[in-house]
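Below you'll find the structure, written out as structure tokens, and then a few comments.
The values are calculated or read from the model by the stated rules, or taken from the named source; none is laboratory data. These figures come from a predicted structure and were not determined experimentally. Note: ideal-geometry Cβ built from the backbone for every residue, glycine included; neighbour counts use all protein chains shown.
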Amino acid sequence: MRVSRYFAHPAPGAGVGRVSHAPFKAERADRCAVLSKAPRYMLARLYLLGVILAGCGGSSGPPPTAPPVSVPSPVPSPVPSPIDGSWQTILAVTEQRVSLILDAGGYVLSRGGNQASGVIAVVGNRIEFSQSTACSGTGVYTWTLTGNSLQFAMLGDPCPGRAEVLAGLTYIKSG
């Protein structure tokens, strides 16, 4: 019997009879063996390619880092506010001096040996204290300026230390 790629031909003079499928099974087994080796061969090639590319790095320095993500913040006052300057008060309970500097969209609060700073946004008679170095959250107050006296009324502040030195106190201009 002669076997071509797709058909089995009986040998001349063998007559028509039963055709053996053995050649087909052998050919199929050969194709399957080749196919089963292909993925391993491809994986080995990919691994080798990865090793080669890893060795082609241009620098030996640290890998590049993503730029820092900026956090949206209140928009600082574009023009000087009438409350910009240095202010001081005395806490009634502890008799501690508290200094407050408001300037150029920022603030610095000093009490004893402690200091905190952050960003302010002044719109009308409303002021927001945010991005504090001492606590998180935004404190919102209204302010009243009478001569050289500045008072804050708290609308809400998640920072108890900041609220303790701002809410209801009268600051006197010191500079």
- Test residue 118 against the criterion of being out of contact with any helix residue (DSSP H, G or I) (no Cβ under 7 Å at 6 or more places or on another chain) and part of a loop (DSSP other than H, G, I, E, B), and give yes or no. no
*For residue 164, indicate whether it is among the charged types (D, E, K, R) and assigned to a strand (DSSP E or B).*
no
When residue 142 is run through (1) in a strand (DSSP E or B); (2) among the polar types (S, T, N, Q); (3) at pLDDT below 95, the failure sits at (3)
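Yes/no per residue for (1) small (Gly, Ala, Ser); (2) within 32 Å of the chain's Cα centre (by Cα); (3) more than 16 Å from residue 103 (Cα to Cα); (4) not assigned by TED's automatic domain parsing to the domain that holds residue 93:
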site	(1), (2), (3), (4)
118	yes, yes, no, no
125	no, no, no, no
137	yes, yes, yes, no
157	no, yes, yes, no
167	yes, no, yes, no
Review point. When you look at residue 130, is it polar (S, T, N, Q) and closer than 13 Å to residue 87 by Cβ, yes or no?
Key: no
